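Comments concern the structure below.
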Amino acid sequence: MIPKDSKCRRWLADIIGNPYCESFIYHLIGLNSILLMIDEPILENKYSKSSISLMQDVISLIFLLEAGMKIFVMGFVAGKHTYLREPFNILDFVIVILSVVSYFLDVLDSNIDISYIRAFRALRALRPLKLVSKNEGMKLIVNSLLSSIKQLMNVMLIALLFFFVFGIIGL
């Protein structure tokens, strides 16, 4: 077990906490979103396909390194303030793991028909959700939206009641 006050841990914590590192990750999330928009099934240019694939793999590797550094600094599960104790870090971790699984499914192109498993590639669209875990304002908005769903269901029921009444009156 590596002590909490080791030089390596403090150095990595300084890197992760640096505003330039945060900004770099924000920009990577934006670039990844743009690459996901550009990557479409009808793209026929092999150079474009391979370039987009390479850039997405590099971005996935950087996200994996970031998650690894956070896990090293904070700890994984055991402890009060560890990596998987925060829900948005769980979201980050799931997105990173899905990226790794997607990469290995693409690399392990064997003779076995795994076309139904390739649907996991669509889960790469979850990568922009990493932005939610990085920005406190977006965390607040997402948490507010999730907590207001119950009240929105009540409003929807009242609206449906009005639609039903006016539908009967209209007939």
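Leaving out same-chain residues fewer than 8 places away, which lysines sit with a Cα under 20 Å from that of Lys7?
Lys70
What are the ³J(HN,Hα) values, in whole Hz, obtained from phi via the Karplus relation 6.51 cos²θ - 1.76 cosθ + 1.60 with θ = phi - 60°, for each residue of region 157-171 in sequence order, with x given for Gly and Pro?
5, 5, 4, 5, 4, 4, 4, 4, 4, 5, x, 5, 5, x, 6
Per residue of region 33-48, in order, report the coupling 6.51 cos²θ - 1.76 cosθ + 1.60 (Karplus, θ = phi - 60°) as ³J(HN,Hα) in whole Hz, putting x for Gly and Pro.
5, 5, 5, 5, 6, 6, 6, 10, x, 8, 5, 9, 5, 5, 5, 5
Ignoring trypsin sites (Lys or Arg not before Pro) that are buried or in helix or strand per DSSP, and keeping those with at most 16 other beta carbon atoms within 10 Å, what is the longest stretch of the chain between them?
Values: sites that count: Lys4, Lys80.
The longest uninterrupted stretch comes out as 81-171.
Could you work out the relative contact order of the chain, using alpha carbon pairs under 8 angstrom and six or more residues apart, expressed as a whole percent? Intermediate values should be presented prior to the final figure.
Numbers: 91 pairs, mean separation 38.3, N = 171.
This gives 22 percent for the chain.
In which sequence would Phe88, Phe166 go, from the one with the fewest C-beta neighbours within 10 Å to the one with the most?
Working: Phe88 17, Phe166 10.
Lowest count first: Phe166, Phe88.
Please report the equivalent ellipsoid semi-axes of the chain, computed as sqrt(5 x eigenvalue) of the Cα gyration tensor, largest first, in whole Å. Intermediate results must be reported in sequence, preceding the final value.
Working: eigenvalues 263, 155, 49 Å².
Result for the chain: semi-axes of 36, 28, 16 Å.
Can you give me the Cα centroid spacing of region 143-171 and region 37-52 in angstrom?
43 Å
Where a number appears in this text, it was derived from the coordinates with a stated rule and is not lab data. Fair warning: this is a prediction, and the values are worked out from it, not measured in the lab. As a convention, Cβ positions derive from the backbone with ideal geometry for all residues, glycine included, and neighbour counts pool all protein chains shown.
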